[in-house]
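Here is the structure we will look at, set down as structure tokens.
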Amino acid sequence: MSLQTQVYTVHPDAPEARTIKRAADVIRAGQLVAFPTETVYGLGANALDPAAIDRIYEAKQRPASDPLIVHIHQLEQLKQIAADVPDVVERLAERFWPGPLTFVLKRAPGMPSNIAAGLDTVAVRMPAHPVAMALLMASGVPIAAPSANTFTRPSATTAQHVLEDLDGRVDVVLDGGPTTIGLESTVLDLTVEQPVILRPGGVLLADLRKILHDAVLRPGYVEDEASVSPGQSKKHYSPRAKMTVYTGPRVMVLEKMRNSAAELTAQGHKVGILIADDEGQGFPPEAIVITLGSGLVAISKTLFAAMRQLDELGADVILTRDFGRDGLGTALWDRLTRASEGNIVQIE
Ligand code: TXA
Ligand code: MG
């Protein structure tokens, strides 16, 4: 599959109506448009068109077993997409939509089954990004959109990342600059007795619990590969390099990382380091040190871009650390665990 990918630049806060209209026409014609959301870029197609949905799987080289998220711009659209929607959804939507929260609900009979990889459920989210909202509104249809990366690559947080993976495979890329959150949405399954977060993201468990008192994080959500939800295989968000995540007391972790970096460099490895601001000293000069920012919000925002940058620069090993697990740290830890395929080193 090869086609001429068009890039349309749009203002992230006030997208130009003419540009949005052109992209919306492409969606309605059954073709693919990558667009920014507040989390990551999405690879969008008309969610009501099974052939268009198939094109997403083909472009991403994504297994047909991995279901997609349907994006909407008003709550009203929910009844077209989902059936037997529990009452609590309205309260959750009022509080968290538009925003980085995806609900898994029972799929409405009229929705194509390939949207959900044949499951009888469907994932839905209302994104909080002016470009995504404008595109949804102008298209007049719900838009199915997984993250706009090829399967197993880190999610795309800029239009440039989308092109790295999907140039010649997507019809239009709306370039609205870098995304703000940088990690994918929280996926909350409401089809089971006890609401469960299948993927931690920008909306935190503690905040959900103010409305959904019994919500839980999927037990063993990182370690237990057997029980995973569709698409939550451990190999995900991976850079090409082999990644190791160190966890334990910060000072000791940093010392261990510096020693390991020196050893690996001496063995001839090209070592990439992902670290917080002010932690970049003491690594061998040959190592590629990328500082991600300070604090969980900044680190989350830059993580995927930094992993891609290290790939680009030819790192064959990446060393990083546990940046904490509170708040957004849960989502960050989840992505680090997956990117490293569970290669965690505990420092006592
Ligand atoms: O932030 C996001 O969620 C981004 C932006 C573009 O909205 N989208 C995204 O989509 O990350 P994707 O396809 O890369 O990840 C969606 C995840 C899947 O891995 C899958 O585990 C879960 O959502 N999911 C989707 N439909 C599901 C369903 N019916 N049941 C259980 N899990 C589902
Ligand atoms: Mg994805």
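Looking for something closer than 29 Å to residue 217 by Cβ, in contact with a strand residue (DSSP E or B) (Cβ under 7 Å, 6 or more places away or on another chain) and part of a helix (DSSP H, G or I) - is there at least one such residue anywhere in the stretch 265-285? Scanning the stretch 265-285, I find no residue that is closer than 29 Å to residue 217 by Cβ, in contact with a strand residue (DSSP E or B) (Cβ under 7 Å, 6 or more places away or on another chain) and part of a helix (DSSP H, G or I), so the answer is no. Of all residues in the stretch 156-192, exactly one satisfies the criterion of being charged (D, E, K, R), in a loop (DSSP other than H, G, I, E, B), out of contact with any helix residue (DSSP H, G or I) (no Cβ under 6 Å at 6 or more places or on another chain) and more than 16 Å from ligand 2 (Cβ to nearest atom), namely 167. No other residue among 59, 45, 64 is within 15 Å of ligand 1 (Cβ to nearest atom), among the small types (Gly, Ala, Ser) and farther than 16 Å from residue 113 by Cβ apart from 59.
Just wondering, is there one or more residues in the stretch 292-307 that are under 23 Å from the mean Cα position of the chain (by Cα), crowded, with 21+ Cβ neighbours inside 10 Å and farther than 21 Å from residue 181 by Cα? For the stretch 292-307, residues under 23 Å from the mean Cα position of the chain (by Cα), crowded, with 21+ Cβ neighbours inside 10 Å and farther than 21 Å from residue 181 by Cα: absent. So which residues in the stretch 25-36 are surrounded by fewer than 24 Cβ atoms within 10 Å (Cβ to Cβ), in contact (Cβ under 8 Å) with a residue 60 or more places away in the chain and either within 16 Å of ligand 1 (Cβ to nearest atom) or in a loop (DSSP other than H, G, I, E, B) (or both)? Matches in the stretch 25-36: 31 only.
In the set (1) of a type in the set (A, V, I, L, M, F, W, C); (2) within 25 Å of residue 78 (Cα to Cα); (3) more than 13 Å from the chain's Cα centre (by Cα), the condition left unmet by residue 173 is number (2). The residues in the stretch 46-62 that are surrounded by fewer than 18 Cβ atoms within 10 Å (Cβ to Cβ) and touching a residue at least 40 places away in the same chain (Cβ under 8 Å) can be counted, and the count is 4. Note on the stretch 312-348: residues that are over 18 Å from the mean Cα position of the chain (by Cα), acidic (Asp, Glu) and within 30 Å of residue 267 (Cβ to Cβ) amount to 4.
Whenever a residue of the stretch 201-220 is in contact (Cβ under 8 Å) with a residue 40 or more places away in the chain and more than 15 Å from residue 325 (Cβ to Cβ), its partners that are small (Gly, Ala, Ser) and more than 15 Å from ligand 1 (Cβ to nearest atom), lying with C-beta atoms within less than 9 angstrom and at least six residues away or across chains, give the pairs 208/215. Taking the condition modelled with pLDDT of 95 or more, crowded, with 21+ Cβ neighbours inside 10 Å and not polar (S, T, N, Q), does residue 205 pass? No: the conditions fail for residue 205.
Looking only at the stretch 237-257, residues that are outside any strand (DSSP E or B) and under 30 Å from residue 164 (Cβ atoms) come to 6 in all. Of all residues in the stretch 308-329, those satisfying the criterion of being in contact (Cβ under 8 Å) with a residue 40 or more places away in the chain and surrounded by fewer than 22 Cβ atoms within 10 Å (Cβ to Cβ) are 311, 313, 314, 316, 317, 322, 327. Taken over the stretch 37-62, the criterion of being part of a helix (DSSP H, G or I) and of a type in the set (Asp, Glu) is satisfied by 54, 58. Hey, does the stretch 1-11 have a residue that's under 22 Å from the mean Cα position of the chain (by Cα) and of a type in the set (A, V, I, L, M)? Yes, that holds for at least one residue. State whether one or more residues within the stretch 140-153 are modelled with pLDDT of 95 or more and charged (D, E, K, R). So far as the stretch 140-153 goes, no, none of its residues is modelled with pLDDT of 95 or more and charged (D, E, K, R). So, residue 192, is that one of a type in the set (Val, Ile, Thr), surrounded by fewer than 24 Cβ atoms within 10 Å (Cβ to Cβ), away from ligand 1 (no atom under 11 Å from the Cβ) and more than 27 Å from residue 341 (Cα to Cα) or not? Spelling it out, it is not the case that residue 192 is of a type in the set (Val, Ile, Thr), surrounded by fewer than 24 Cβ atoms within 10 Å (Cβ to Cβ), away from ligand 1 (no atom under 11 Å from the Cβ) and more than 27 Å from residue 341 (Cα to Cα). Within the set 18, 22, the sole residue that is touching a residue at least 12 places away in the same chain (Cβ under 8 Å) and either surrounded by fewer than 24 Cβ atoms within 10 Å (Cβ to Cβ) or part of a strand (DSSP E or B) (or both) turns out to be 22. In the stretch 81-104, the condition of being of a type outside the set (D, E, K, R), under 22 Å from residue 170 (Cα atoms) and within 10 Å of ligand 1 (Cβ to nearest atom) is met by no residue.
The values are calculated or read from the model by the stated rules, or taken from the named source; none is laboratory data. Note that the structure is predicted; figures quoted are calculated from it, not measured. Glycine also receives a Cβ, built like all others from the backbone with ideal geometry; neighbour counts cover every protein chain displayed.
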